[in-house]
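Q: Questions regarding the structure given below will be posed in turn.
The values are calculated or read from the model by the stated rules, or taken from the named source; none is laboratory data. All values derive from a computational prediction rather than experimental measurement. FYI the Cβ positions are ideal-geometry reconstructions off the backbone, even for glycines, and counts take in every protein chain you see. Heavy atoms of the whole protein, side chains included, go into the accessibility calculation; ligands, DNA and RNA do not. Shrake-Rupley method; radii C 1.70, N 1.55, O 1.52, S 1.80 Å.
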Amino acid sequence: MPRTLKDATASESDPVDLERTTATGIGSPAFISGYANYADVLEAPRVLHEIVGIQVVAAVLNRNGVTIPLGGVQHSLDLWALLLSGSGAGRNTTIDMVAPILEAAGMQDLESSVRWGSAAAFYQHFSENPSGLHFWGEMAERLRMMNDPQFSTVKEWLTDRYDNFKIPSPF
(Lines give C-alpha, C1' and ligand atoms only; values in the text may rest on other atoms or scores of the structure.)
Protein backbone atom coordinates (compact mmCIF):
# COMPACT_ATOMS: atom_id res chain seq x y z
CA MET A 1 0.00 0.00 0.00
CA PRO A 2 1.37 3.47 -0.84
CA ARG A 3 2.71 5.48 2.09
CA THR A 4 2.13 8.89 0.55
CA LEU A 5 -0.84 11.07 -0.26
CA LYS A 6 -0.05 13.06 -3.37
CA ASP A 7 -1.29 16.61 -3.29
CA ALA A 8 -3.21 17.54 -6.45
CA THR A 9 -0.64 20.27 -7.16
CA ALA A 10 2.37 18.12 -6.32
CA SER A 11 4.44 16.48 -8.98
CA GLU A 12 5.16 12.75 -8.94
CA SER A 13 8.50 13.51 -7.27
CA ASP A 14 6.98 15.82 -4.65
CA PRO A 15 4.61 13.66 -2.54
CA VAL A 16 2.98 14.79 0.68
CA ASP A 17 4.02 12.44 3.49
CA LEU A 18 1.06 10.51 4.93
CA GLU A 19 2.47 10.92 8.43
CA ARG A 20 2.06 14.71 8.11
CA THR A 21 -1.57 14.56 6.96
CA THR A 22 -3.70 16.40 9.52
CA ALA A 23 -7.34 17.18 10.03
CA THR A 24 -6.77 20.61 8.50
CA GLY A 25 -5.37 18.97 5.38
CA ILE A 26 -8.55 16.94 4.96
CA GLY A 27 -10.54 20.12 4.37
CA SER A 28 -8.16 21.59 1.81
CA PRO A 29 -9.32 21.89 -1.83
CA ALA A 30 -6.51 19.59 -2.95
CA PHE A 31 -7.54 16.79 -0.61
CA ILE A 32 -10.05 15.11 -2.93
CA SER A 33 -7.68 15.07 -5.92
CA GLY A 34 -4.76 14.17 -3.68
CA TYR A 35 -6.69 11.31 -2.11
CA ALA A 36 -7.73 10.04 -5.54
CA ASN A 37 -4.06 10.16 -6.68
CA TYR A 38 -3.03 8.20 -3.58
CA ALA A 39 -5.75 5.55 -3.90
CA ASP A 40 -5.81 5.21 -7.69
CA VAL A 41 -3.52 2.17 -7.69
CA LEU A 42 -6.39 -0.32 -7.88
CA GLU A 43 -8.54 -1.65 -10.70
CA ALA A 44 -11.46 0.50 -9.51
CA PRO A 45 -12.26 3.60 -11.59
CA ARG A 46 -10.73 6.84 -10.33
CA VAL A 47 -14.17 8.36 -9.82
CA LEU A 48 -14.79 5.87 -6.97
CA HIS A 49 -11.71 7.22 -5.16
CA GLU A 50 -12.91 10.78 -5.72
CA ILE A 51 -16.30 9.87 -4.22
CA VAL A 52 -14.59 8.38 -1.16
CA GLY A 53 -12.51 11.58 -0.82
CA ILE A 54 -15.68 13.70 -1.01
CA GLN A 55 -17.31 11.48 1.63
CA VAL A 56 -14.34 11.95 3.98
CA VAL A 57 -14.52 15.75 3.66
CA ALA A 58 -18.29 15.73 4.18
CA ALA A 59 -18.06 13.42 7.23
CA VAL A 60 -15.40 15.59 8.87
CA LEU A 61 -17.42 18.76 8.26
CA ASN A 62 -20.62 17.12 9.54
CA ARG A 63 -18.89 15.92 12.68
CA ASN A 64 -17.73 19.49 13.31
CA GLY A 65 -21.22 20.95 12.86
CA VAL A 66 -20.56 22.74 9.57
CA THR A 67 -23.76 23.66 7.73
CA ILE A 68 -24.60 25.67 4.64
CA PRO A 69 -27.18 28.40 5.28
CA LEU A 70 -29.62 29.13 2.46
CA GLY A 71 -32.24 31.61 3.52
CA GLY A 72 -34.00 30.21 6.58
CA VAL A 73 -32.84 26.66 5.89
CA GLN A 74 -29.63 24.99 7.03
CA HIS A 75 -28.16 22.24 4.85
CA SER A 76 -25.67 19.69 6.07
CA LEU A 77 -23.04 17.92 4.02
CA ASP A 78 -24.87 14.70 4.76
CA LEU A 79 -23.90 12.84 1.60
CA TRP A 80 -25.00 9.30 0.89
CA ALA A 81 -23.05 7.48 -1.80
CA LEU A 82 -23.50 4.04 -3.28
CA LEU A 83 -20.42 2.73 -5.07
CA LEU A 84 -21.54 0.53 -7.95
CA SER A 85 -19.27 -1.80 -9.85
CA GLY A 86 -19.14 -5.29 -11.22
CA SER A 87 -18.31 -8.23 -9.02
CA GLY A 88 -14.63 -8.34 -8.11
CA ALA A 89 -14.01 -4.70 -9.09
CA GLY A 90 -12.53 -3.84 -5.70
CA ARG A 91 -15.22 -1.84 -3.88
CA ASN A 92 -14.11 -3.09 -0.45
CA THR A 93 -10.44 -2.49 -1.26
CA THR A 94 -11.36 0.97 -2.55
CA ILE A 95 -13.02 1.81 0.77
CA ASP A 96 -10.20 0.23 2.80
CA MET A 97 -7.73 2.71 1.26
CA VAL A 98 -9.14 5.49 3.47
CA ALA A 99 -8.15 3.82 6.77
CA PRO A 100 -4.48 4.97 6.76
CA ILE A 101 -5.59 8.55 6.02
CA LEU A 102 -8.03 8.58 8.91
CA GLU A 103 -5.44 6.98 11.20
CA ALA A 104 -2.75 9.54 10.25
CA ALA A 105 -5.24 12.34 10.96
CA GLY A 106 -6.26 10.78 14.31
CA MET A 107 -9.80 10.27 12.98
CA GLN A 108 -10.12 6.49 12.83
CA ASP A 109 -13.30 6.73 14.92
CA LEU A 110 -14.97 8.44 11.94
CA GLU A 111 -15.33 5.06 10.21
CA SER A 112 -18.10 2.65 11.18
CA SER A 113 -18.81 -0.76 9.66
CA VAL A 114 -21.19 -2.20 12.24
CA ARG A 115 -23.93 -4.82 11.73
CA TRP A 116 -27.11 -4.68 13.78
CA GLY A 117 -29.10 -7.58 15.15
CA SER A 118 -32.25 -5.59 15.80
CA ALA A 119 -33.93 -2.30 15.01
CA ALA A 120 -33.17 -1.11 18.56
CA ALA A 121 -29.44 -1.78 18.03
CA PHE A 122 -29.63 0.11 14.73
CA TYR A 123 -31.23 3.15 16.40
CA GLN A 124 -28.78 3.02 19.31
CA HIS A 125 -25.80 2.94 16.93
CA PHE A 126 -26.94 6.05 15.07
CA SER A 127 -27.83 7.93 18.26
CA GLU A 128 -24.25 7.33 19.45
CA ASN A 129 -22.67 7.89 16.00
CA PRO A 130 -24.78 10.54 14.25
CA SER A 131 -22.07 11.42 11.73
CA GLY A 132 -19.27 9.50 10.14
CA LEU A 133 -18.37 7.15 7.34
CA HIS A 134 -20.85 4.32 7.63
CA PHE A 135 -19.52 1.57 5.35
CA TRP A 136 -22.11 -1.09 4.62
CA GLY A 137 -20.50 -3.57 2.23
CA GLU A 138 -23.10 -5.19 0.00
CA MET A 139 -26.19 -2.99 -0.41
CA ALA A 140 -28.41 -5.96 -1.30
CA GLU A 141 -27.67 -7.45 2.12
CA ARG A 142 -28.68 -4.23 3.90
CA LEU A 143 -31.86 -3.88 1.84
CA ARG A 144 -32.83 -7.48 2.72
CA MET A 145 -32.19 -6.67 6.38
CA MET A 146 -34.42 -3.59 6.21
CA ASN A 147 -37.22 -5.66 4.65
CA ASP A 148 -37.12 -8.11 7.57
CA PRO A 149 -40.16 -7.61 9.87
CA GLN A 150 -37.95 -6.93 12.92
CA PHE A 151 -36.51 -3.90 11.04
CA SER A 152 -39.91 -2.68 9.75
CA THR A 153 -39.46 0.94 10.87
CA VAL A 154 -35.75 1.31 10.03
CA LYS A 155 -36.04 2.54 6.41
CA GLU A 156 -38.41 5.36 7.32
CA TRP A 157 -36.37 6.30 10.39
CA LEU A 158 -33.09 6.27 8.42
CA THR A 159 -34.35 8.43 5.57
CA ASP A 160 -35.77 10.89 8.11
CA ARG A 161 -32.21 11.40 9.42
CA TYR A 162 -31.15 12.81 6.04
CA ASP A 163 -32.66 16.24 6.61
CA ASN A 164 -33.13 16.17 10.36
CA PHE A 165 -30.44 17.86 12.46
CA LYS A 166 -31.78 16.53 15.77
CA ILE A 167 -29.60 13.71 17.08
CA PRO A 168 -31.89 10.82 18.02
CA SER A 169 -32.18 9.91 21.68
CA PRO A 170 -30.35 6.77 22.80
CA PHE A 171 -32.43 3.72 23.61
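Q: Quick one: what are the phi-derived ³J(HN,Hα) couplings along the range 33-38, Karplus 6.51/-1.76/1.60 with θ = phi - 60°, whole Hz, x for glycine and proline?
A: Each residue's phi maps through the Karplus curve to give 5, x, 5, 4, 4, 4 Hz.
Q: Percent of accessible area on the range 95-171 owned by carbon and sulfur, 1.4 Å probe?
A: Values: 2360 of 4500 Å².
Accessible surface attributable to carbon and sulfur in the range 95-171 totals 53 percent.
Q: Once ligands and nucleic acids are excluded and a 1.4 Å probe is used, how much of Phe165 is accessible, expressed in Å² to the nearest 10?
A: 110
Q: Follow-up. Between Ser169 and Ser152, what length comes free when the chain is fully extended (0.36 nm per residue of separation minus the Cα-Cα distance, one decimal in nm)?
A: Numbers: separation 17, 0.36 × 17 = 6.12 nm, distance 1.90 nm.
Separation in residues times 0.36 nm, less the Cα-Cα distance, equals 4.2 nm.
Q: Now for a different question. For Asp109, what accessible surface area do you get with a 1.4 Å probe? Give it in Å², rounded to 10.
A: Spelled out: Asp109, probe radius 1.4 Å, area about 100 Å².
Q: Could you check the simple spin-label distance between Val41 and Gln74, using points 7 Å along Cα→Cβ, in nm with one decimal?
A: 4.1
Q: Under a plain spin-label model, where a point goes 7 Å from the Cα along Cα-to-Cβ, how far apart in nm are Gln124 and Thr159?
A: 2.7
Q: Once the convex hull of the alpha carbons of the range 43-145 is built, what does its volume come to per residue, in cubic angstrom?
A: Numbers: hull volume 13.5 nm³, N = 103.
Hull volume over Cα atoms, normalised by residue count, gives 131 Å³.
Q: Also: How large is ³J(HN,Hα), in whole Hz, for each residue of the range 118-135 in order, when computed from phi with the Karplus curve 6.51 cos²θ - 1.76 cosθ + 1.60 and θ = phi - 60°, using x for Gly and Pro?
A: Karplus-based 3J(HN,Hα) across the range 118-135 equals 7, 4, 4, 5, 4, 4, 4, 4, 6, 6, 8, 9, x, 9, x, 9, 9, 8 Hz.
Q: Can you list residues from other chains, or at least 5 along the same chain, whose modelled amide H is less than 5 Å from the amide H of Glu111?
A: Close amide H contacts, sequence-distant or interchain: Leu133.
Q: In whole Hz and in residue order, list the ³J(HN,Hα) couplings for the range 141-146 that follow from phi through the Karplus curve 6.51 cos²θ - 1.76 cosθ + 1.60, θ = phi - 60°; x for Gly and Pro.
A: 5, 5, 5, 4, 4, 5
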